[in-house]
Amino acid sequence: MRALALFIALLGGVLAQDPPATEASEHWPPGHVIDQAAARTALDAMRATWSDAATWTARRKRIRTHVLKTFLLDPPPARTPLEMVVHSTVEHRVDEKGGYRRSNVFFESFPGLFVAGNLYEPLGREGPLPVVACPHGHMGRSEGDAEGRMHSSYQTLCATLARMGAIVITWDMVGWAESSQMQHGVPMSGAIQTWNTMRAIDAALTRPGADPSRIGCTGSSGGGTQTFLGALADDRIVACAPVVMVSAHWFGGCGCESGLPIHAGPGFVTNNVEFAACAAPRPQLLVSVGGDWTCNTATVEQPYLADVYEALGAADDVHNVHLESEQHDYGPSKRAPVVRFLARELGLDLACVTRPDGSIDESFVRIAERPALLAFTDEHPMPERALQGTDAVVARWVSLEREP
(Lines give C-alpha, C1' and ligand atoms only; values in the text may rest on other atoms or scores of the structure.)
Protein backbone atom coordinates (compact mmCIF):
# COMPACT_ATOMS: atom_id res chain seq x y z
CA MET A 1 0.00 0.00 0.00
CA ARG A 2 1.58 3.25 -1.10
CA ALA A 3 -0.24 5.24 1.59
CA LEU A 4 1.04 2.95 4.33
CA ALA A 5 4.60 3.18 3.00
CA LEU A 6 4.39 6.97 3.14
CA PHE A 7 3.10 6.79 6.69
CA ILE A 8 5.92 4.49 7.79
CA ALA A 9 8.45 6.94 6.41
CA LEU A 10 6.80 9.76 8.33
CA LEU A 11 6.65 7.67 11.48
CA GLY A 12 10.36 6.89 11.27
CA GLY A 13 11.09 10.58 11.57
CA VAL A 14 8.78 10.89 14.57
CA LEU A 15 10.30 7.98 16.47
CA ALA A 16 13.80 9.23 15.78
CA GLN A 17 12.92 12.35 17.75
CA ASP A 18 11.93 10.41 20.88
CA PRO A 19 14.16 11.28 23.84
CA PRO A 20 15.88 8.38 25.61
CA ALA A 21 13.84 6.62 28.27
CA THR A 22 15.05 5.60 31.70
CA GLU A 23 13.44 2.15 31.63
CA ALA A 24 14.61 -0.81 29.60
CA SER A 25 13.17 -0.97 26.11
CA GLU A 26 11.34 -3.99 24.78
CA HIS A 27 8.85 -4.12 21.94
CA TRP A 28 5.93 -6.23 23.07
CA PRO A 29 4.31 -8.15 20.20
CA PRO A 30 1.22 -6.12 19.26
CA GLY A 31 -2.03 -7.77 20.21
CA HIS A 32 -0.45 -10.73 21.99
CA VAL A 33 -0.77 -11.91 25.55
CA ILE A 34 2.31 -11.11 27.62
CA ASP A 35 3.20 -13.42 30.47
CA GLN A 36 1.36 -11.94 33.45
CA ALA A 37 4.43 -11.97 35.67
CA ALA A 38 6.44 -10.21 32.97
CA ALA A 39 3.66 -7.66 32.60
CA ARG A 40 3.82 -6.89 36.32
CA THR A 41 7.60 -6.51 36.11
CA ALA A 42 7.22 -4.14 33.16
CA LEU A 43 4.61 -2.11 35.00
CA ASP A 44 6.92 -1.89 38.02
CA ALA A 45 9.66 -0.57 35.72
CA MET A 46 7.27 2.07 34.38
CA ARG A 47 6.34 3.02 37.94
CA ALA A 48 10.01 3.52 38.78
CA THR A 49 10.30 6.27 36.15
CA TRP A 50 8.23 8.75 38.15
CA SER A 51 7.79 9.65 41.82
CA ASP A 52 5.47 12.65 42.12
CA ALA A 53 3.10 14.92 40.22
CA ALA A 54 5.88 16.66 38.31
CA THR A 55 7.62 13.49 37.13
CA TRP A 56 4.34 11.77 36.25
CA THR A 57 3.24 14.84 34.29
CA ALA A 58 6.49 14.68 32.32
CA ARG A 59 5.97 10.99 31.60
CA ARG A 60 2.34 11.61 30.62
CA LYS A 61 3.49 14.26 28.16
CA ARG A 62 5.88 11.80 26.57
CA ILE A 63 3.29 9.02 26.37
CA ARG A 64 0.66 11.32 24.93
CA THR A 65 3.04 12.89 22.41
CA HIS A 66 4.20 9.46 21.26
CA VAL A 67 0.65 8.20 20.71
CA LEU A 68 -0.60 11.34 19.00
CA LYS A 69 2.40 11.62 16.68
CA THR A 70 2.12 7.94 15.76
CA PHE A 71 -1.56 8.49 15.00
CA LEU A 72 -0.80 11.67 12.99
CA LEU A 73 -2.84 13.64 15.51
CA ASP A 74 -0.04 15.96 16.64
CA PRO A 75 -0.86 18.36 15.17
CA PRO A 76 -4.43 17.23 14.46
CA PRO A 77 -6.19 17.57 11.12
CA ALA A 78 -8.23 20.67 10.49
CA ARG A 79 -11.80 20.24 11.67
CA THR A 80 -13.71 20.35 8.40
CA PRO A 81 -17.52 20.70 8.25
CA LEU A 82 -19.35 17.66 9.62
CA GLU A 83 -22.22 17.93 7.12
CA MET A 84 -24.25 15.85 9.59
CA VAL A 85 -27.49 14.25 8.46
CA VAL A 86 -30.08 13.32 11.12
CA HIS A 87 -33.14 11.31 10.15
CA SER A 88 -35.67 8.63 11.15
CA THR A 89 -36.23 10.08 14.62
CA VAL A 90 -38.45 7.96 16.88
CA GLU A 91 -39.73 9.13 20.28
CA HIS A 92 -40.21 6.84 23.27
CA ARG A 93 -42.10 8.63 26.01
CA VAL A 94 -41.70 6.71 29.25
CA ASP A 95 -43.91 8.73 31.60
CA GLU A 96 -45.21 12.25 32.18
CA LYS A 97 -41.67 13.38 33.05
CA GLY A 98 -40.17 12.42 29.72
CA GLY A 99 -38.31 9.67 27.92
CA TYR A 100 -35.88 9.57 25.03
CA ARG A 101 -35.73 9.83 21.27
CA ARG A 102 -33.48 7.95 18.89
CA SER A 103 -32.21 9.17 15.52
CA ASN A 104 -30.04 7.75 12.78
CA VAL A 105 -27.12 9.95 11.77
CA PHE A 106 -24.01 10.19 9.67
CA PHE A 107 -21.29 12.81 9.51
CA GLU A 108 -18.10 13.50 7.57
CA SER A 109 -15.16 12.91 9.90
CA PHE A 110 -12.67 14.20 7.35
CA PRO A 111 -13.21 14.90 3.65
CA GLY A 112 -14.50 11.72 2.04
CA LEU A 113 -14.90 9.57 5.19
CA PHE A 114 -18.44 9.18 6.49
CA VAL A 115 -19.28 7.81 9.92
CA ALA A 116 -22.64 6.13 10.61
CA GLY A 117 -24.21 6.26 14.04
CA ASN A 118 -27.20 6.84 16.25
CA LEU A 119 -28.15 9.69 18.54
CA TYR A 120 -30.14 9.21 21.74
CA GLU A 121 -31.54 12.39 23.29
CA PRO A 122 -33.72 13.10 26.31
CA LEU A 123 -37.38 14.07 26.10
CA GLY A 124 -38.85 16.56 28.52
CA ARG A 125 -35.58 18.15 29.61
CA GLU A 126 -34.05 21.51 28.86
CA GLY A 127 -30.36 22.25 28.47
CA PRO A 128 -27.61 22.47 29.23
CA LEU A 129 -27.37 18.70 28.70
CA PRO A 130 -24.26 16.53 29.20
CA VAL A 131 -22.86 14.56 26.26
CA VAL A 132 -21.78 10.92 26.41
CA ALA A 133 -19.81 9.25 23.61
CA CYS A 134 -20.25 5.46 23.43
CA PRO A 135 -17.75 3.72 21.13
CA HIS A 136 -18.43 0.00 20.64
CA GLY A 137 -16.19 -3.04 20.53
CA HIS A 138 -15.82 -6.06 18.26
CA MET A 139 -19.37 -7.33 18.53
CA GLY A 140 -20.53 -9.11 15.40
CA ARG A 141 -24.05 -10.09 14.52
CA SER A 142 -25.42 -12.98 16.54
CA GLU A 143 -28.73 -14.78 16.53
CA GLY A 144 -31.38 -12.25 17.47
CA ASP A 145 -28.98 -9.33 17.82
CA ALA A 146 -27.23 -6.78 15.63
CA GLU A 147 -23.57 -5.84 15.57
CA GLY A 148 -21.55 -3.03 17.08
CA ARG A 149 -23.41 0.12 17.97
CA MET A 150 -26.73 -1.59 17.15
CA HIS A 151 -26.23 -4.43 19.66
CA SER A 152 -28.95 -4.58 22.29
CA SER A 153 -26.46 -3.84 25.08
CA TYR A 154 -25.51 -0.54 23.43
CA GLN A 155 -29.07 0.38 22.61
CA THR A 156 -29.91 -0.17 26.29
CA LEU A 157 -26.92 1.79 27.58
CA CYS A 158 -27.51 4.74 25.26
CA ALA A 159 -31.26 4.90 25.88
CA THR A 160 -30.77 4.72 29.64
CA LEU A 161 -28.26 7.58 29.64
CA ALA A 162 -30.56 9.64 27.41
CA ARG A 163 -33.51 9.00 29.72
CA MET A 164 -31.30 10.37 32.53
CA GLY A 165 -30.70 13.61 30.62
CA ALA A 166 -27.67 13.05 28.37
CA ILE A 167 -27.18 13.53 24.65
CA VAL A 168 -25.62 10.21 23.66
CA ILE A 169 -23.88 9.29 20.43
CA THR A 170 -22.68 5.87 19.29
CA TRP A 171 -21.04 5.15 15.93
CA ASP A 172 -19.40 2.44 13.84
CA MET A 173 -15.80 1.43 14.09
CA VAL A 174 -14.14 1.71 10.69
CA GLY A 175 -14.89 -1.32 8.57
CA TRP A 176 -17.74 -2.41 10.87
CA ALA A 177 -21.48 -2.56 10.21
CA GLU A 178 -22.24 0.33 7.83
CA SER A 179 -18.64 1.54 7.69
CA SER A 180 -17.77 0.01 4.33
CA GLN A 181 -15.19 2.48 3.02
CA MET A 182 -12.15 0.70 4.46
CA GLN A 183 -11.21 -2.58 6.07
CA HIS A 184 -11.32 -3.01 9.79
CA GLY A 185 -8.14 -3.86 11.67
CA VAL A 186 -5.59 -2.38 9.28
CA PRO A 187 -2.85 -0.55 11.20
CA MET A 188 -4.16 2.94 10.51
CA SER A 189 -7.67 2.12 11.72
CA GLY A 190 -6.76 2.94 15.33
CA ALA A 191 -5.65 6.42 14.38
CA ILE A 192 -8.76 7.09 12.32
CA GLN A 193 -11.02 5.66 15.04
CA THR A 194 -9.47 7.99 17.61
CA TRP A 195 -10.16 10.94 15.32
CA ASN A 196 -13.70 9.64 14.80
CA THR A 197 -14.20 9.68 18.58
CA MET A 198 -13.24 13.33 18.66
CA ARG A 199 -15.48 14.11 15.70
CA ALA A 200 -18.39 12.17 17.20
CA ILE A 201 -18.13 14.47 20.20
CA ASP A 202 -18.11 17.44 17.81
CA ALA A 203 -21.25 16.03 16.21
CA ALA A 204 -23.06 15.58 19.53
CA LEU A 205 -22.13 19.12 20.55
CA THR A 206 -24.08 20.49 17.58
CA ARG A 207 -27.33 19.29 19.17
CA PRO A 208 -29.56 21.84 20.93
CA GLY A 209 -28.67 22.27 24.59
CA ALA A 210 -25.41 20.29 24.48
CA ASP A 211 -23.04 21.28 27.28
CA PRO A 212 -19.37 21.28 26.16
CA SER A 213 -18.17 21.32 29.77
CA ARG A 214 -19.75 17.96 30.66
CA ILE A 215 -18.59 15.23 28.27
CA GLY A 216 -18.26 11.58 29.22
CA CYS A 217 -17.10 8.52 27.32
CA THR A 218 -17.66 4.80 27.86
CA GLY A 219 -17.26 1.65 25.79
CA SER A 220 -16.49 -2.01 26.30
CA SER A 221 -13.70 -4.21 24.92
CA GLY A 222 -12.46 -2.47 21.75
CA GLY A 223 -14.81 0.35 22.73
CA GLY A 224 -12.89 0.49 26.01
CA THR A 225 -9.70 0.97 23.99
CA GLN A 226 -11.37 3.80 22.11
CA THR A 227 -12.52 5.23 25.44
CA PHE A 228 -9.09 5.52 27.03
CA LEU A 229 -7.43 6.59 23.78
CA GLY A 230 -10.18 9.17 23.33
CA ALA A 231 -9.60 10.51 26.84
CA LEU A 232 -5.85 10.58 26.17
CA ALA A 233 -6.34 12.55 22.96
CA ASP A 234 -9.26 14.80 23.88
CA ASP A 235 -9.20 16.81 27.10
CA ARG A 236 -12.87 17.70 26.63
CA ILE A 237 -13.73 14.28 28.06
CA VAL A 238 -14.16 15.00 31.77
CA ALA A 239 -15.15 11.49 32.90
CA CYS A 240 -14.48 8.11 31.31
CA ALA A 241 -15.36 4.47 31.95
CA PRO A 242 -13.43 1.87 29.93
CA VAL A 243 -15.13 -1.49 30.45
CA VAL A 244 -13.42 -4.92 30.32
CA MET A 245 -10.32 -3.64 28.57
CA VAL A 246 -7.57 -2.03 30.70
CA SER A 247 -4.89 -4.67 31.21
CA ALA A 248 -1.14 -4.77 31.77
CA HIS A 249 -0.75 -8.04 29.83
CA TRP A 250 -3.09 -7.60 26.87
CA PHE A 251 -3.08 -4.70 24.42
CA GLY A 252 -6.00 -5.78 22.24
CA GLY A 253 -6.12 -8.46 19.61
CA CYS A 254 -6.94 -6.24 16.65
CA GLY A 255 -4.89 -3.95 14.45
CA CYS A 256 -7.27 -1.13 15.39
CA GLU A 257 -5.87 -1.34 18.93
CA SER A 258 -2.24 -2.33 18.54
CA GLY A 259 -1.45 -2.33 14.84
CA LEU A 260 0.73 0.77 15.14
CA PRO A 261 3.66 0.95 17.60
CA ILE A 262 1.91 3.14 20.16
CA HIS A 263 3.08 0.92 23.04
CA ALA A 264 6.80 1.21 22.33
CA GLY A 265 9.42 3.23 20.52
CA PRO A 266 13.21 3.37 20.62
CA GLY A 267 14.12 3.19 24.31
CA PHE A 268 10.51 3.64 25.34
CA VAL A 269 7.83 1.23 26.60
CA THR A 270 4.30 1.90 27.83
CA ASN A 271 1.02 -0.02 28.01
CA ASN A 272 -2.75 0.37 28.21
CA VAL A 273 -2.60 0.99 31.96
CA GLU A 274 -0.58 4.12 31.38
CA PHE A 275 -2.84 5.14 28.51
CA ALA A 276 -5.76 5.00 30.95
CA ALA A 277 -3.69 6.88 33.54
CA CYS A 278 -3.28 9.75 31.09
CA ALA A 279 -6.89 10.69 31.87
CA ALA A 280 -5.91 11.61 35.44
CA PRO A 281 -6.99 13.62 37.37
CA ARG A 282 -10.29 13.43 35.49
CA PRO A 283 -12.71 10.93 37.12
CA GLN A 284 -12.43 7.39 35.78
CA LEU A 285 -14.11 4.04 36.40
CA LEU A 286 -12.65 0.71 35.33
CA VAL A 287 -15.04 -2.23 35.15
CA SER A 288 -13.27 -5.59 35.14
CA VAL A 289 -14.15 -9.29 35.29
CA GLY A 290 -12.57 -12.57 36.23
CA GLY A 291 -13.26 -14.14 32.85
CA ASP A 292 -10.97 -12.12 30.56
CA TRP A 293 -7.67 -10.21 30.53
CA THR A 294 -8.95 -7.75 33.16
CA CYS A 295 -8.81 -10.54 35.75
CA ASN A 296 -6.00 -8.80 37.67
CA THR A 297 -7.37 -5.26 37.65
CA ALA A 298 -8.03 -5.06 41.38
CA THR A 299 -4.44 -6.07 42.27
CA VAL A 300 -2.34 -4.88 39.30
CA GLU A 301 -3.88 -2.17 37.10
CA GLN A 302 -6.02 -0.33 39.65
CA PRO A 303 -3.14 0.18 42.14
CA TYR A 304 -1.04 1.78 39.39
CA LEU A 305 -3.86 4.14 38.49
CA ALA A 306 -4.44 4.86 42.18
CA ASP A 307 -0.78 5.91 42.53
CA VAL A 308 -1.13 8.32 39.60
CA TYR A 309 -4.35 9.83 40.90
CA GLU A 310 -2.95 10.16 44.42
CA ALA A 311 0.16 11.91 43.10
CA LEU A 312 -2.13 14.42 41.38
CA GLY A 313 -4.23 14.99 44.48
CA ALA A 314 -7.24 13.14 43.08
CA ALA A 315 -7.18 9.84 44.97
CA ASP A 316 -10.98 9.74 45.23
CA ASP A 317 -11.51 10.09 41.48
CA VAL A 318 -10.44 6.66 40.22
CA HIS A 319 -12.61 3.60 40.82
CA ASN A 320 -12.80 -0.09 39.98
CA VAL A 321 -15.78 -2.42 40.00
CA HIS A 322 -14.48 -5.99 39.70
CA LEU A 323 -16.93 -8.79 38.90
CA GLU A 324 -14.91 -11.92 39.55
CA SER A 325 -17.46 -14.45 38.32
CA GLU A 326 -18.38 -12.64 35.10
CA GLN A 327 -17.29 -12.72 31.47
CA HIS A 328 -16.39 -10.28 28.70
CA ASP A 329 -19.43 -8.20 27.68
CA TYR A 330 -21.32 -4.99 28.43
CA GLY A 331 -24.23 -6.61 30.21
CA PRO A 332 -26.47 -5.13 32.91
CA SER A 333 -24.01 -5.79 35.75
CA LYS A 334 -21.40 -3.69 33.92
CA ARG A 335 -23.81 -1.00 32.77
CA ALA A 336 -25.19 -0.35 36.27
CA PRO A 337 -21.95 0.95 37.85
CA VAL A 338 -21.17 2.97 34.73
CA VAL A 339 -24.61 4.58 34.81
CA ARG A 340 -24.15 5.48 38.48
CA PHE A 341 -20.64 6.82 37.86
CA LEU A 342 -21.66 9.01 34.93
CA ALA A 343 -24.73 10.23 36.82
CA ARG A 344 -22.50 11.42 39.63
CA GLU A 345 -19.82 12.97 37.46
CA LEU A 346 -22.02 14.56 34.80
CA GLY A 347 -25.04 15.53 36.91
CA LEU A 348 -27.52 13.07 35.39
CA ASP A 349 -30.87 12.14 36.88
CA LEU A 350 -30.18 8.72 38.39
CA ALA A 351 -33.48 8.60 40.27
CA CYS A 352 -35.52 8.29 37.08
CA VAL A 353 -33.96 4.88 36.32
CA THR A 354 -33.64 3.58 39.89
CA ARG A 355 -36.06 1.08 41.41
CA PRO A 356 -37.06 1.26 45.10
CA ASP A 357 -34.51 -1.48 45.88
CA GLY A 358 -31.72 0.62 44.33
CA SER A 359 -31.28 -1.47 41.16
CA ILE A 360 -31.18 0.14 37.71
CA ASP A 361 -34.41 -0.13 35.75
CA GLU A 362 -33.84 -0.61 32.01
CA SER A 363 -37.26 -2.09 31.29
CA PHE A 364 -38.44 1.04 29.48
CA VAL A 365 -35.89 0.62 26.67
CA ARG A 366 -37.32 -0.36 23.29
CA ILE A 367 -34.84 -2.46 21.31
CA ALA A 368 -35.00 -1.70 17.59
CA GLU A 369 -34.24 -4.13 14.79
CA ARG A 370 -31.16 -3.45 12.67
CA PRO A 371 -33.00 -1.98 9.63
CA ALA A 372 -34.55 0.73 11.82
CA LEU A 373 -31.08 1.88 12.96
CA LEU A 374 -29.33 2.25 9.61
CA ALA A 375 -27.84 5.64 8.82
CA PHE A 376 -27.43 5.04 5.09
CA THR A 377 -30.72 4.33 3.33
CA ASP A 378 -32.26 4.78 -0.09
CA GLU A 379 -33.58 8.14 1.10
CA HIS A 380 -30.29 9.07 2.78
CA PRO A 381 -27.48 7.44 0.78
CA MET A 382 -23.78 7.79 1.42
CA PRO A 383 -22.64 10.84 -0.56
CA GLU A 384 -21.01 10.22 -3.94
CA ARG A 385 -17.82 11.94 -2.81
CA ALA A 386 -17.18 9.11 -0.34
CA LEU A 387 -13.75 7.52 -0.67
CA GLN A 388 -13.75 3.86 -1.60
CA GLY A 389 -11.16 1.36 -0.41
CA THR A 390 -8.60 1.21 2.36
CA ASP A 391 -5.78 2.69 0.28
CA ALA A 392 -7.87 5.71 -0.67
CA VAL A 393 -8.98 6.39 2.90
CA VAL A 394 -5.50 5.96 4.39
CA ALA A 395 -3.92 8.10 1.66
CA ARG A 396 -6.40 10.88 2.42
CA TRP A 397 -5.72 10.58 6.18
CA VAL A 398 -1.97 10.81 5.68
CA SER A 399 -2.24 13.78 3.35
CA LEU A 400 -4.75 15.85 5.34
CA GLU A 401 -3.88 19.42 6.14
CA ARG A 402 -2.90 19.61 9.80
CA GLU A 403 -3.51 22.51 12.14
CA PRO A 404 -0.58 24.93 12.54
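Can you grab the distance from the C-alpha centre of the stretch 263-318 to the C-alpha centre of the stretch 226-259, Å, no decimals?
11
Check Leu129: other-chain or 5+ apart residues with amide H under 5 Å from its amide H, H built from backbone geometry?
Counting only residues 5 or more places away or on other chains, the set is Ala210, Asp211.
Which of the lysines could a cross-linker span from Lys69 if the Cα-Cα distance has to be under 21 Å and same-chain partners fewer than 8 positions apart are dropped?
Within the straight-line limit of under 21 Å, Lys69 reaches these lysines: Lys61.
Translational D (Stokes-Einstein, µm²/s) of the stretch 258-306 at 37 °C and 0.692 mPa s when Rh comes from the Kirkwood sum over C-alpha pairs?
Answer from the Stokes-Einstein relation: 269 µm²/s.
By average Cβ neighbour count within 10 Å, what is the ranking of 143-153, 72-82, 87-97 from highest down?
For the peptides 143-153, 72-82, 87-97, the packing ranking is 143-153, 72-82, 87-97.
Compute the relative contact order of the chain as a whole-number percentage, counting only Cα pairs closer than 8 Å that sit 6 or more residues apart in sequence.
Computed over the chain, the figure is 22 percent.
If one puts a single equal scatterer on every Cα of the stretch 322-404 and applies the Debye formula without solvent, what log₁₀ I(q)/I(0) results at q = 0.18, 0.23, 0.24, 0.26 Å⁻¹?
Taking Cα atoms of the stretch 322-404 as identical point scatterers yields -0.90, -1.12, -1.19, -1.31.
With a ≥ b ≥ c taken as the square roots of the eigenvalues of the C-alpha gyration tensor of the stretch 86-136, please select rounded if a/c is under 1.5 and otherwise prolate if a/b is larger than b/c or oblate if it is not?
prolate
What's the carbon and sulfur percent of the stretch 223-334's accessible surface, probe 1.4 angstrom, rounded to a whole number?
In the stretch 223-334, the share of accessible area belonging to carbon and sulfur is 55 percent.
Considering only protein heavy atoms, what per residue accessible area in square angstrom results for the chain with a 1.4 angstrom probe?
Value returned for the chain: 37 Å² of accessible area per residue.
Just to be sure I understand, if you calculate percent of Cα pairs over 27 Å apart for this structure, which of (i) 52; (ii) 47; (iii) 57 do you get?
Recomputing percent of Cα pairs over 27 Å apart here picks out (ii).
If you average the C-alpha positions of the stretch 29-80 and of the stretch 112-187 separately, how far apart do those two centres end up, in angstrom?
If you average the Cα positions of each part, the centres end up 27 Å apart.
Using a 10 Å cut-off on Cβ atoms, rank the peptides 314-321, 230-237, 263-270 from the highest mean neighbour count down.
The peptides rank, most packed first, as 230-237, 263-270, 314-321.
Quick one: which residues, 5 or more positions from Leu123 or on another chain, have an amide H under 5 Å from its amide H? H modelled 1.01 Å from N in the peptide plane, none for Pro or chain starts.
Gly99, Tyr100, Arg101
Looking at Ser152, Val132, Ala248, which one has the Cα that reaches farthest to the positive end of the dipole of the chain (charges on Cβ: Lys, Arg +1; Asp, Glu -1)?
The residue sitting farthest along the positive end of the dipole is Val132.
By average Cβ neighbour count within 10 Å, what is the ranking of 166-177, 273-284 from highest down?
So the peptides 166-177, 273-284, ranked by packing, come out 166-177, 273-284.
The values are calculated or read from the model by the stated rules, or taken from the named source; none is laboratory data. All values reported here derive from a predicted model rather than from experimental measurement. Virtual Cβ from ideal backbone geometry, glycine too; neighbours counted across all protein chains shown. Ligands, DNA and RNA are excluded from the accessible area calculation, which covers all protein heavy atoms including side chains. Shrake-Rupley method; radii C 1.70, N 1.55, O 1.52, S 1.80 Å.
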